[in-house]
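Following: one structure in structure tokens, then a few remarks.
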Ligand code: AMP
């Protein structure tokens, strides 16, 4: 069950502030409050989705396009394309997801540690 009181839902509703980078009709990006890389942004759909699976099953094509566009546009605005970056979505308990609203971390601005 989606929890309407999660922190990203509050950011999307404008109830708490964020350092916004980009938004379109269905998605929003902003800087992570606790960065783990020199550049650390988050991209979220504005709709109420917990993870990739419910997003894939329930989101409209427009929402899906908007989310991918927001990821791409955020990467462009942060000038990460030429130097490289990493996109991560932590899903569920084993994935270490702390905020139960679908989000993609965009990490860059420095050489990132290997995942292996
Ligand atoms: P995850 O562990 O994948 O669920 O990541 C949640 C992320 O949300 C963490 O990197 C937090 O630092 C970040 N975060 C939590 N609260 C805020 C906030 N108010 N504004 C921006 N980022 C936040």
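Readers should treat all values here as calculations from the given coordinates under stated rules, not as data from a laboratory. No experiment lies behind these values; they were computed from the predicted model shown. Virtual Cβ from ideal backbone geometry, glycine too; neighbours counted across all protein chains shown.
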**OP:** For residues that are near the ligand (Cβ under 10 Å from one of its atoms) and out of contact with any helix residue (DSSP H, G or I) (no Cβ under 6 Å at 6 or more places or on another chain), tally how many sit in segment 31-46.
**Re:** 8
**OP:** For residue 9, work out the one condition from (1) within 13 Å of the ligand (Cβ to nearest atom); (2) over 24 Å from residue 115 (Cβ atoms); (3) assigned to a strand (DSSP E or B) it doesn't fulfil.
**Re:** (3)
Subject >> Qualifying residue in segment 47-58 (condition: touching a residue at least 40 places away in the same chain (Cβ under 8 Å) and either near the ligand (Cβ under 10 Å from one of its atoms) or over 21 Å from residue 4 (Cα atoms) (or both)) >> reply: no
